[in-house]
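In what follows, a single structure is set out as structure tokens and then discussed.
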Amino acid sequence: MVIGTNEKQWMCQRHKRPCTGGAKCRCRRRRIGRARLATLAAIATAVTVLGAARWAVSAPGPVLISVQTVGGVSRIMAAHGSEAGSPFAPSLYAEADPEVSFDGKRILFAGKRGAGDTWQVWESDRGGGGLRQLTRAAGDASQPHYLPDGKILYRVAMGATNALYSAESDGAKPTRLTYNVDPLQETSILPDGRILASLSGRWCTLNQDGTGISPVTGDLAPAHHAEAPTAATPLATAPRPVPTGHASVIDPTKKSGKLFCLNSYLSDKATVAGLPDGAMRRVRVWTRSPQEKILGEAPIEPDGSFALELPPNVPLRVDALDAGGKVLASDPVWLWLRPNETRGCIGCHEDRDLTPENRVPDAIRRLPNKLGLEGGAR
Amino acid sequence: MRRFLKRWKKVLIGGFAICLFAFLTAAARLHAWGVDHVQQMTGDTRWQPDCLKCHMQAGIQPAIGSRHEDPYRSPAQLALSPDGRTLYVSASGCDKVLVVDPQAGKVQSEIPVGRHPFGICVSASGDRAFVANRWSGTVCEIDTAGRKVARTFPVGDGPIGVALGAGGHKLFTANYWSNDISVVDLASGQELTRLPAGRSPSCAVASPDGSRIYVGNQLSNPVPFRTSPVGEVTVVDANADTVAERRTFYNAHMIESVAVSPAAAGHEPFALATLVRPKNLVPAAQVARGWMITNGMGIMDLAGQPVRLASTAQEVPAGSNPTPATPAQVLLDDPNYFYADPSNVAITPDGKKAYVSHSGADIVTAIDMDRLWGVVEGDQANGRKGERRRIAADCALCNRLGVSKAFVTARIKTAPCPKGMAVSPDGRYVYVAARLGDKVQVISTEQNAVVRTIDLGGPPTESLRRRGERLFHNAGHTFQGQFSCRSCHPDGHMDGLIYDLESNGLGINLVQNRSLQLVNGTEPLKWSGVSTSFYRQCGMRFAAFITRAGPFDPDDLNALVAHIISIEPYPNIHRRPDGTLTDAQKRGKVIFERTVDTAGKPLPPLDRCSTCHSGPKFTDHKLHDVDTAGPMDTRRKFDTAHLVNVYQHTGFLHDGRAATMEEIWTKYGTSNRHGAVNDLQKEQLNDLIEYLKTL
């Protein structure tokens, strides 16, 4: 082969080809190319083999998950078929609250690395591989759940109470959802996407973004509450239906939420339902930070309706007063509003099977009364 | 140059690398922001940023074929021959009546009729069947022996229901668009008279003896601004050809079906009517607990034969008392799940069982009538202590979820969109037309289960548009299945209600529902113009503020948009077939397009009708302040409404305050900013309106 006039210059002594042997040597380039190709092929082969091996290990078919107390410590035990169970995450000190992902391939659970460590949320493949810690909460994080939108939900202990948090699937961007005064217990996800929880001994529901906390309607609980798997009733890692999602209207940049009631006189409590028309004149709103204090008062309309604009992300409680300021009805349950949430109530502890009357409440014929907000009443 | 490049080579490469790094970083950050933005707007991680779909006006739309290219059958209603051996099915998708052998489960023949056949009935002798051609304005009389159309009668606008009077000598049709009832003499084929119905009559059913015709009306009667809707069943004296009664259902509308119990039911004769109880006056802050829409049924006596109804089951306006003629209302929903769009009701011949098809839930509800009577007559209707006094409308039962548990015996899953139903003469079977499944399903009344499915011959695959139509009519995407798109947009049109949507604030910025007919190409959407595309309106906003559930996934949204942009308008009866205008319409057209006032003074462009209402759909796609804002509006500018088939609207202006087109100017447009009209005489305004009706 002849290339130009510098034939000797381009002759490779090793291969007896026109080549410089230097950086521009085609043979060298080709060798490097081949070496790179071989390396890439080796890596691809290794990845494939390792992946297949991992799949083979992590996907041995349905795994039976149970929670047992071993040596006084809660442990998650995993079993395949009829074989005896073994610790699901042997590298951890304790595990609890397992939940299988919707596709049945992963397990979310609360785990403790050591006896003195806090509980955190962990996730692993159903075979126990790929163990990773998702949360780093200050308090104990427990009762994790998968949410339909791909996020996770968990509960974090905060002194005498707790709060629900959500986070991305990898634990990033933890967001506090609830501002309950009493602890929330026994959380689970309903098929319609709401969170079912026990609050002060009463079953309640709330949305996936922490909005709409309210007592359950109908005979929802505890029929829909998922019991924790035990040794006697293990949980199989099978795919399950994805609950309904929830498109949130929460806007963290907003500094208020709205609360309105259609008819304060509508109640299951005889002391409230028996009040004469017009007896309730004002609504008083309390908050707690940490001591209870009054946020403000606003009028109750003659039809029993009121509308308020209130600070978000704080506990709230409502009293109804007569013209002299005497408390006629007091709601002992603390609720909260999320930023930009609008919360509607039909009555005051009314029958939960009632739907709203279709009428325009007097309170929404004007702007809501601001309480505890800049420019609002005190 | 070469020397320059050689000298600055490293600097250039470094600069390029820095620029590339900066660009990639910015792109990554922008993408991350886009993901956050979309996830914030949708509350869902399945969506990836696609700016054009949401922010480009009429930018990207799915490719769809014509609706008429889809050879779907779309069975709407059905009727059985008196011997129960032949089923006549109005196939609205292919403009035919299908003759089906229910025993063999086969379509025996297909009879071409008018456009979009809907209501159908069979004569007592079984030799004639009558089908209402909704888009043709006619009724076809079918010779059942010859299986061909014997005669075609012109009737009112949009005939949707048909019923025969006593002796089969007269035919009554419910005319959806002309809001009346045609009475046709079958001997001569001539229309004898038209009787005024409620608004948008949707069905016509004869009493067992044929002396009364019951016409259910889909939309509410006109009511004062911001007051409860009032549904109506118009009762016609079939012998005298007069309206005998108007039975009103307060706080209800969408009465699309009425069934009459035979006399031998062990109870006073009665009628059942499907209905919807909307909550449009309450701020739409949530969906749970029936906060948006509840689905139910009305129970009423037949004229002169009152049934015993507890007063707490009867709804009346605040401050008034129910009478024996006030119908009772009960909800068919459960506390935590709803059964959207009750479309049809049928009663077994012994009057012991009733069946309600829910087209939005793909469910047929089975009802034990004895138990239902126990509810509406008995102690359960009294409600809890204190409620009766506290609920202004004095109807504790009408607003109570979970009552259905007392009388519902089964929820029977069906093929998509169950609509019309017919009961076999022996009462053993109920035939259900699954409109979007192209099937007739047979329910055993003993087993309360589907025992047979008859395929009507539609295509085995589902087109994109058809999938969108199915999604449009299904409430599965709404929280607890409470309502479908169709619940507020029946047949792609509007329900005539004014809503208080939470996204606008409490009690402010009220908006009237808008028709979806020919809405494609009229973007931006919504009165505020906030939705620049169907993807934005039907995807993110719809989920966040209306359905309160997860948004449609991208494929479903694509199909839904394909259906919505293919919704066609009904034929406009105010247009002559040859396209010419009447003299009044011509005069109105001149006023619509005028550039000078009646004194010859030039009108500024923004004072002319044709400036803002321009283009093929009479909208300039812009927001304008024409002094139509009401006292509860925080905004002054509103989207320019398109005017296609504007005559079919039930209210006018963004919040529906104007009950008629005249009121737009005579009551709410006196400042002369919504087009210069103050120089017009009343007759000239009438001419303008006559022209507007042709658009």
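Observations on the structure shown:
- When segment B:488-545 is reduced to its Cα atoms, the Kirkwood hydrodynamic radius in Å: 12.1 Å
- For the segment A:236-249, counting C-beta atoms of other chains within 10 Å of every residue's C-beta and taking the mean gives 5.
- Contact surface A-B: accessible area buried, both sides summed, square angstrom, 1.4 angstrom probe: 4200 Å²
- Look at the alpha carbon pairs under 8 Å that are at least 6 residues apart: their mean separation over the length of chain B gives a relative contact order of 10 percent.
- Other protein chain Cβ atoms within 10 Å, averaged over every residue that makes up B:540-552: 4
- Global geometry of segment B:77-211, whether rounded, prolate or oblate, following the gyration tensor of its Cα atoms and the 1.5 cut on a/c: prolate
- Equivalent-ellipsoid semi-axes of the protein assembly as shown, from the Cα gyration tensor, Å, largest first: 54, 40, 35
- Charge tally for A:Ala298 (other residues, Cβ to Cβ under 9 Å; Lys, Arg +1; Asp, Glu -1): +2.
- Of the trypsin sites (Lys or Arg not before Pro) found in segment A:301-362, those that fall in a DSSP loop while having at most 16 other beta-carbon atoms within 10 Å are A:Lys326.
- With K and R counted +1 and D and E -1, the other residues having a Cβ less than 12 Å from that of B:Gly165 yield a net charge of -2.
- Shielding by partners, peptide A:198-204 (average Cβ within 10 angstrom, other chains): 0
- Per residue, segment A:202-282 exposes an accessible area of 45 Å² to a 1.4 Å probe, with every protein chain left in place.
- Over segment A:260-378: Rg over Rh, Cα atoms, Kirkwood Rh: 0.93
- Surrounding net charge for B:Gln218, when Lys and Arg each add one and Asp and Glu each subtract one, Cβ distance under 11 Å: -3
- Three-way shape label, segment B:505-579, alpha-carbon gyration tensor, a/c 1.5: oblate
- Counting DSSP beta bridges with both ends in the protein assembly as shown, the antiparallel % (nearest 5): 95 percent
- Computed helical MRE - 222 nm, chain B, DSSP H runs ≥ 4 contributing -39500 (n - 2.57), nearest 500: -4500 deg cm²/dmol
- Degrees, to the nearest 10: B:554-564 long Cα axis against longest axis of chain B: 70 degrees
- Treating each Cα of segment B:171-291 as an identical point scatterer and summing with the Debye formula, the log10 of I(q)/I(0) at q = 0.14, 0.16, 0.23 Å⁻¹ comes to -0.63, -0.78, -1.26.
- Pairs from B:Lys106/B:Lys405; B:Lys279/B:Lys667; B:Lys148/B:Lys439; B:Lys96/B:Lys439; B:Lys352/B:Lys439 whose Cα-Cα separation, in the structure shown, is over 25 Å: B:Lys106/B:Lys405; B:Lys279/B:Lys667; B:Lys352/B:Lys439
- When A:Val121, B:Val223 are compared by accessible area at a 1.4 angstrom probe, the order from most to least is B:Val223, A:Val121.
- Scoring A:66-73, B:449-456 by mean Cβ neighbours within 10 Å over their residues and listing the highest first yields B:449-456, A:66-73.
- Counting only protein chain heavy atoms and rolling a 1.4 Å probe, the accessible areas of B:Leu581, A:Leu196 rank, largest first, as B:Leu581, A:Leu196.
- Compactness of chain B - radius of gyration and Dmax, Cα, Å: 27.5, 108
- Percentage relative contact order, segment B:538-695, counting C-alpha pairs under 8 Å, at least six apart: 25 percent
- The length gained by stretching the chain between B:Asp368 and B:Asn239 to full extension, at 0.36 nm per residue less their Cα-Cα distance, is 43.1 nm.
- Along the axis of the charge dipole computed for the protein assembly as shown (Cβ charges of +1 for Lys and Arg, -1 for Asp and Glu, origin at the Cα centre), the listed residues B:Tyr250, B:Val236, A:Tyr165 are led at the positive end by A:Tyr165.
- Pairwise label distance in nanometres, A:Ser289 with B:Gln681, each label 7 Å out on the Cα-Cβ vector: 6.9 nm
- Whole-percent carbon and sulfur share, accessible surface of the protein assembly as shown, 1.4 Å: 55 percent
- Label-point separation in nm, B:Arg576 to B:Asp36, each point 7 Å along Cα→Cβ: 6.4 nm
- Spin-label pair A:Val47/B:Ala659, simplified geometry with 7 Å Cα→Cβ offset, distance in nm: 7.2 nm
- Loop trypsin sites (Lys or Arg not before Pro), segment B:586-644, which have at most 14 other Cβ atoms in a 10 Å radius of their Cβ (DSSP): B:Lys622, B:Arg636
The values are calculated or read from the model by the stated rules, or taken from the named source; none is laboratory data. This one's a predicted model, so the numbers in the text were calculated from it and none came from an experiment. Methodologically, a virtual Cβ is constructed for each residue, glycine included, from the backbone with ideal geometry; neighbour enumeration extends over all protein chains shown. Please note that ligands, DNA and RNA were not included when accessible areas were found on the heavy atoms of the full protein model with its side chains. Shrake-Rupley method; radii C 1.70, N 1.55, O 1.52, S 1.80 Å.
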